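The values are calculated or read from the model by the stated rules, or taken from the named source; none is laboratory data. Computed from a predicted model, the values in this text were never measured in an experiment. In this analysis, Cβ positions are derived from the backbone assuming ideal geometry, glycine residues included, and neighbour counts consider all displayed protein chains. Surface areas here come from the heavy atoms of the whole protein model, side chains and all, with no ligands, DNA or RNA. Shrake-Rupley method; radii C 1.70, N 1.55, O 1.52, S 1.80 Å.
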Amino acid sequence: MIWAWADPWRGYSLAGLIAALIERLPDFERIAEPAALLVRTASWTGADRTWGPLVRAAFQPAYRADVPLTPSQRLIVGALLANPELWSPTDGNAGLVFKQAGLPRDRDQCRRLLLQ
């Protein structure tokens, strides 16, 4: 069972559950599909607490061009591409997530990663 900080008035927060999952699961592959669903439907505001930590967890270590994407990384890149809300060039928090994951901030460049 996974425990996360609970606010007695509101229950468990999504951010708290995500943090607990990432902390306790040694293999991102186990949560790749639900993580991709969350990334695909996330709001840009979750760069620090929801979709961003999931993207960073999928890309540990950060993406390098000489290493092929894993199946879970392909799911996450596909989810990023499917969510137009995460691609604003003026959103510095989203840009930082991409940078920390080693991913290009350009949507077409990310799309090309899936063709490799």
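Structure values in brief
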read-out	value
Where only C-alpha atoms are counted, convex hull volume of the chain per residue in Å³	100 Å³
Relative contact order (%) - the chain, alpha-carbon pairs under 8 angstrom, separation at least six	25 percent
Inter-label distance for GLN109 and ARG24, nm, one decimal - labels placed 7 Å from Cα along Cα-to-Cβ	3.7 nm
Potential lengthening between THR90 and ARG49 on full extension [0.36 nm per residue; Cα-Cα distance subtracted]	12.9 nm
Using θ = phi - 60° and Karplus 6.51 cos²θ - 1.76 cosθ + 1.60, couplings along segment 33-44 (whole Hz; Gly, Pro as x)	5, x, 5, 4, 4, 5, 4, 4, 10, 6, 8, 4
For segment 52-116, radius of gyration divided by Kirkwood radius, i.e. Rg to Rh on alpha-carbons	0.91
Environment charge at GLY95 (Cβ cut-off 15 Å; Lys +1, Arg +1, Asp -1, Glu -1)	0
Net charge dipole size for the chain [Lys, Arg +1 and Asp, Glu -1 on Cβ; Debye, nearest 20]	140 debye
The chain - accessible surface per residue (Å², probe 1.4 Å)	61 Å²
Inter-site label distance for ASP66 and ALA82 at 7 Å from Cα along Cβ, in nm	3.3 nm
Charge dipole (debye, nearest 20) of segment 11-65; +1 at Cβ of Lys and Arg, -1 at Cβ of Asp and Glu	100 debye
